[in-house]
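A quick write-up on the structure given underneath.
Every number in this text was worked out from the coordinates using simple rules, so none of it is lab data. A quick note: this is a predicted structure, and the numbers were derived from the prediction, not measured. Note that each Cβ is placed from the backbone with ideal geometry, even for glycine, and that neighbours are counted across all protein chains shown.
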Amino acid sequence: MRNINCTLCELGDGCNNPCLWGEGNPNAKLMLVGEAPGHAEDIQGAPFRGMAGKLLNNILDRLGIDRKDLYLTNVIKCHPCFIKLPTGKKLKVLIDACRVYLDEEIATVKPKVILALGATAASAFNIKNISMVEGTEPASGVLVALDRKSVV
């Protein structure tokens, strides 16, 4: 469950909503996994609420998919107060710290398909180059990694 007192990394210190849990259908067949909560998500306490959420809603509308049928979450659970997430080993430390929460969400929802949105989300599933991925089989089902730019 969400741990508002999480101390697994330093990101929670400056957040309004530390350890921001995903939301959506607890029995969803499709789970979308993003990078990290943005400022709007941190303020509103839910994932995909800011510009990324508007883009996602637009894409879902075009596809005829109801957002209520999905489960939405992020790899990193706290809003990074700095402009951009770190890269390399520092990013891996953040991903690894939050992985226990993502694993719990996946185990609870048991989606048939996990769609990793962007390189950071894909790297949480040990995918190094998302342009080469068509799909792999995690424990819960099919994993598809998608570069955000290719969706637009």
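For every other residue with a beta carbon closer than 13 angstrom to the beta carbon of Cys78, add +1 if it is Lys or Arg and -1 if Asp or Glu, then tell me the sum. Its environment carries a net charge of -3. Bridgeable lysines around Lys68 (alpha carbons under 30 Å apart, same-chain partners fewer than 8 residues away excluded): Lys29, Lys54, Lys77, Lys84, Lys110, Lys112, Lys149.
Each residue of the range 74-81 is assigned a 3J(HN,Hα), and the resulting list reads 10, 5, 8, 8, 10, 5, x, 6 Hz, derived from the Karplus form 6.51 cos²θ - 1.76 cosθ + 1.60 (θ = phi - 60°), x at Gly and Pro. Summing charges over all other residues whose Cβ lies under 11 Å from the Cβ of Gly50, with Lys and Arg as +1 and Asp and Glu as -1, gives 0. Applying the Karplus relation 6.51 cos²θ - 1.76 cosθ + 1.60 with θ = phi - 60° to the range 50-55 yields 3J(HN,Hα) values of x, 4, 5, x, 5, 4 Hz, where x marks Gly and Pro. What the Cβ-Cβ distance of Ile43 and Leu63 gives, at R0 = 41 Å and to the nearest 0.05, is a FRET efficiency of 0.90. Shape verdict for the range 1-130, please, from the Cα gyration tensor: rounded (a/c under 1.5), prolate (a/b greater than b/c) or oblate. Rounded is the answer for the range 1-130, as its axis ratio a/c remains below 1.5. Here the Karplus curve 6.51 cos²θ - 1.76 cosθ + 1.60, taken at θ = phi - 60°, turns the phi angles of the range 39-46 into couplings of 4, 4, 5, 5, 5, 7, x, 8 Hz, with x standing for Gly and Pro. Can you figure out the FRET efficiency of Lys29 with Cys81, using R₀ = 35 Å and their beta-carbon distance, to the nearest 0.05? It comes out at approximately 0.50. Put a dot 7 Å past the Cα of Lys110, heading toward its Cβ, do the same for Lys90, and the two dots end up 4.1 nm apart.
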